[in-house]
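Trainee: One structure coming up, written as structure tokens, with questions to follow.
The values are calculated or read from the model by the stated rules, or taken from the named source; none is laboratory data. Keep in mind that what you see is a predicted model, and the values were worked out from it rather than measured. Don't worry about glycine lacking a Cβ; one is built from the backbone with ideal geometry, like all the others, and counts go over all protein chains shown.
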Amino acid sequence: MTYNINEKLIWMSTQNALAANAKQQPLSDWEQAKLVKRIKSLLLQKDAVLVAHYYVDGALQDLAEQTGGFVGDSLEMARFGKLHPAKTLIVAGVKFMGETAKILSPEKRVLILDNQAECSLDLSAPIEAFSAFCDQHPDRTAVVYANTSAAVKARADWVVTSSIAVDVVNHLKNQGEKILWAPDKHLGHYIQQQTGADMVLWDGTCIVHDAFKATALATLKEQYPDAAVLVHPESPADVIAMADVVGSTSKLIQATQTLPNPVFIVATDNGILHKMKQVTPNKTFIEAPTAGAGGTCESCAHCPWMAMSTLQKLQQVLQNQDNEIVLDEAVRNKALIATERMMQFRERHVNKKHGVM
Ligand code: SF4
């Protein structure tokens with residue numbers, strides 16, 4: 001069965017993002033220092049805090065940390081924003097991350113740096129088609145990845161991140177539930193393999209992770225026999241099969257600190273290398289290949305929508321208070337139920353693992 005995955009819309013949005021990014025003027029060191037100073041002052045004036053994803057420009061990640069903000073995955077960003085006292089959250093990431101922050105922090109103003117910053121997974125699952133998918137499988141529990149719109153989260157029973165997806169689905173399987181999964185088919189396949197759950201999968205992909213190539217990775221591994229291969233589970237199954245560690249962005253960063261290997265081949269967005277080099281400066285990092293010999297790549301291991309977040313746009317957004325995330329309150333409330341279900345599960349699960357009940 002083929003589900004509506006909006007391929008044309010994804011292609012157009014990718015091209016728009018690539019074209020917009022190509023127009024960005026690089027900053028000199030002097031210009032960047034001046035801009036950073038101005039942004040720091042605006043953050044204070046506007047009672048705002050910056051939360052950044054691991055995939056955005058390293059200068060934004062550094063600025064978030066220098067100003068009392070946060071760098072992490074989408075859910076950690078939203079949780080940090082909820083607990084922080086600032087009235088305004090500035091999200092350096094993509095649109096669904098801004099929406100997740102708003103779901104958890106309705107009383108705050110949530111701004112994103114570019115309102116064209118989409119995600120191929122989010123775009124692949126428009127609410128009407130996803131709703132029809134749910135209607136076709138009324139006997140299944142709908143579990144969706146965090147990389148979805150607020151409307152899709154509102155229609156789902158559970159929202160999960162890559163760090164907890166396997167645990168949640170395992171728990172549901174043990175309750176005798178059958179799963180409807182959206183939107184990432186590779187992550188869905190990985191979860192199915194790990195849990196043995198009965199799952200039907202939506203046919204979406206992340207354009208960055210989907211581009212990693214197993215054959216070229218095998219050649220690279222031969223060149224670096226001491227390397228450990230770190231793979232995000234949004235990658236194709238044959239790439240995951242070659243991994244030493246499979247996991248969320250946080251788990252992959254942690255692996256660079258705990259594994260003894262001097263070299264890491266990294267199959268996820270190359271924005272993560274900034275944090276990996278910070279936490280493990282004495283090791284070597286190599287991007288996993290996105291094309292075999294003579295091949296080409298479009299995303300080339302970097303998300304075109306994540307690349308839309310820049311220091312220049314941060315200054316504009318702070319100055320003008322643009323790009324506010326606004327959600328319908330009924331949708332937000334329903335999306336909150338599915339999101340909080342995961343957060344409560346995580347608390348119970350983490351506590352249990354550490355012997356605290
Ligand atoms: S890296 Fe992939 S999953 Fe993340 S925002 Fe970009 S397209 Fe979406």
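Trainee: Give all pairs with beta carbons closer than 8 Å in which a residue from the stretch 223-237 that is surrounded by fewer than 23 Cβ atoms within 10 Å (Cβ to Cβ) meets a residue that is polar (S, T, N, Q); count only pairs at least 6 apart in sequence or on separate chains.
Mentor: 226/261; 227/261; 228/261; 237/193
Trainee: Considering the stretch 1-33 alone, what residues qualify as being more than 30 Å from residue 136 (Cβ to Cβ) and surrounded by 12 or more Cβ atoms within 10 Å (Cβ to Cβ)?
Mentor: 15, 16, 17, 18, 20, 21, 24, 27, 31, 32
Trainee: Sort out which residues of the stretch 191-245 are polar (S, T, N, Q) and either within 16 Å of the ligand (Cβ to nearest atom) or in contact with a Gly (Cβ under 6 Å, 6 or more places away or on another chain) (or both), and write them in order of number.
Mentor: Matches in the stretch 191-245: 205, 215, 235.
Trainee: May I pose another question? So, in the stretch 61-88, exactly how many residues are assigned to a loop (DSSP other than H, G, I, E, B) and of a type in the set (D, E, K, R)?
Mentor: Residues that pass the stated criteria total 2.
Trainee: Here's another thing I want to ask about it. Name every residue in the stretch 76-95 that is over 15 Å from residue 307 (Cα atoms), buried (at least 24 other Cβ atoms within 10 Å of the Cβ) and of a type outside the set (Val, Ile, Thr), in order of residue number.
Mentor: If the condition is that a residue be over 15 Å from residue 307 (Cα atoms), buried (at least 24 other Cβ atoms within 10 Å of the Cβ) and of a type outside the set (Val, Ile, Thr), then 77, 78, 81, 89 are the ones that fit.
Trainee: Okay, next question. Kindly provide the set of residues from the stretch 34-57 that are under 24 Å from the mean Cα position of the chain (by Cα), of a type in the set (Val, Ile, Thr) and surrounded by fewer than 23 Cβ atoms within 10 Å (Cβ to Cβ), ordered by number.
Mentor: Result: 49, single match.
Trainee: Still on this model: What pairs can you find where one residue is in the stretch 51-72 and assigned by TED's automatic domain parsing to the domain that holds residue 98, the other is of a type in the set (Asp, Glu) and surrounded by fewer than 17 Cβ atoms within 10 Å (Cβ to Cβ), and their Cβ atoms are less than 8 Å apart, with a gap of 6+ or different chains?
Mentor: 71/65
Trainee: To continue, here is another question. Restricting attention to the stretch 152-163, which residues are over 12 Å from residue 339 (Cβ atoms) and either away from the ligand (no atom under 16 Å from the Cβ) or surrounded by 21 or more Cβ atoms within 10 Å (Cβ to Cβ) (or both)?
Mentor: Within the stretch 152-163, 155, 162 meet the criteria.
Trainee: Counting just the residues of the stretch 58-87 that are of a type in the set (Asp, Glu) and over 14 Å from the mean Cα position of the chain (by Cα), which one comes out farthest from residue 300 (Cα to Cα)?
Mentor: This residue is 65.
Trainee: Right, something else. Out of the stretch 29-53, which residues are of a type in the set (Ser, Thr, Tyr) and touching a strand residue (DSSP E or B) at 6+ places or on another chain (Cβ under 8 Å)?
Mentor: None - no residue of the stretch 29-53 is of a type in the set (Ser, Thr, Tyr) and touching a strand residue (DSSP E or B) at 6+ places or on another chain (Cβ under 8 Å), so the list stays empty.
Trainee: Kindly provide the set of residues from the stretch 305-335 that are touching a strand residue (DSSP E or B) at 6+ places or on another chain (Cβ under 8 Å) and crowded, with 19+ Cβ neighbours inside 10 Å, ordered by number.
Mentor: 306, 309, 314, 317, 318, 323, 325, 335, listed by residue number.
Trainee: If the requirement is being outside the structural domain of residue 271 (by TED's automatic domain parsing) and in contact (Cβ under 8 Å) with a residue 40 or more places away in the chain, which of these qualifies: 15, 24?
Mentor: 24
To keep it simple, each residue is scored yes or no on (1) out of contact with any strand residue (DSSP E or B) (no Cβ under 9 Å at 6 or more places or on another chain); (2) more than 29 Å from residue 169 (Cβ to Cβ).
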site: 55; (1), (2): yes, no
site: 68; (1), (2): no, yes
site: 75; (1), (2): no, no
site: 106; (1), (2): yes, no
site: 137; (1), (2): no, no
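Trainee: While we're on this one: Considering only the stretch 70-87, state which residues are among the small types (Gly, Ala, Ser) and away from the ligand (no atom under 16 Å from the Cβ).
Mentor: 81, 86
Trainee: When both residues are 6+ apart or on different chains and their Cβ atoms are under 6 Å apart, which pairs have a first residue that lies in the stretch 115-132 and is touching a residue at least 12 places away in the same chain (Cβ under 8 Å) and within 12 Å of the ligand (Cβ to nearest atom), and a second that is of a type in the set (Ser, Thr, Tyr) and not in a loop (DSSP other than H, G, I, E, B)?
Mentor: Qualifying pairs under 6 Å: 118/13.
Trainee: Report yes if residue 149 is of a type in the set (Ser, Thr, Tyr), surrounded by 22 or more Cβ atoms within 10 Å (Cβ to Cβ) and within 16 Å of the ligand (Cβ to nearest atom), otherwise no.
Mentor: In short, yes.
Trainee: Within the stretch 166-190, how many residues are within 16 Å of the ligand (Cβ to nearest atom) and either in contact (Cβ under 8 Å) with a residue 40 or more places away in the chain or touching an Asp or Glu at 6+ places or on another chain (Cβ under 6 Å) (or both)?
Mentor: Residues flagged as within 16 Å of the ligand (Cβ to nearest atom) and either in contact (Cβ under 8 Å) with a residue 40 or more places away in the chain or touching an Asp or Glu at 6+ places or on another chain (Cβ under 6 Å) (or both) within the stretch 166-190 amount to 8.
Trainee: Taking the criterion of being more than 12 Å from the ligand (Cβ to nearest atom), over 16 Å from the mean Cα position of the chain (by Cα) and among the charged types (D, E, K, R), would at least one residue in the stretch 88-100 satisfy it?
Mentor: No.
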